[in-house]
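The values are calculated or read from the model by the stated rules, or taken from the named source; none is laboratory data. As the structure is a prediction and not an experimental result, all values here were calculated from the model. Heads up, the Cβs are rebuilt from the backbone with ideal geometry, glycines too, and the neighbour counts pull from every protein chain shown. Accessible surface areas use protein heavy atoms only, side chains included; no ligands, DNA or RNA. Shrake-Rupley method; radii C 1.70, N 1.55, O 1.52, S 1.80 Å.
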Amino acid sequence: MRWMDLDLDGIPVVSENDMRLAPVVAVRQNVYPVKGRDLTVHGGKTATALRIVPLPELGSSRLRARRHGDEDPS
């Protein structure tokens, strides 16, 4: 199971007067602290385990460049 999906092409976001594509990442797990064990990851039991997070243009443009091999990953 993949825990994160990246959509750099974007999903449609509609405002009053226009529509644009917003790049997003979908995170499908819960991460929480457990005393004595650091962080624990759980696949989630409910729909709230799925979070859609918009990416800023700087981050998405760097990820696009890295995907196409135009940027050094370090």
Item checked: Which numbered condition N30 misses (of (1) open to solvent by 40 Å² or more (accessible area, probe 1.4 Å); (2) in contact with a Gly (Cβ under 9 Å, 6 or more places away or on another chain); (3) within 16 Å of D7 (Cβ to Cβ)) -> (3)
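Return the residue satisfying two criteria in turn: it lies in region 33-54 and is assigned to a loop (DSSP other than H, G, I, E, B) and without any contact (Cβ under 8 Å) to a residue 40 or more places away in the chain, and of such residues it is surrounded by the most Cβ atoms within 10 Å (Cβ to Cβ). Walk me through how you get there before you give the answer.
Residues of region 33-54 assigned to a loop (DSSP other than H, G, I, E, B): 35-37, 43-46, 50.
Then keep just the ones that are without any contact (Cβ under 8 Å) to a residue 40 or more places away in the chain; that gives 35-37, 44-46, 50.
Values: K35: 5, G36: 5, R37: 7, G44: 15, K45: 8, T46: 7, L50: 12.
The qualifying residue surrounded by the most Cβ atoms within 10 Å (Cβ to Cβ) is G44.
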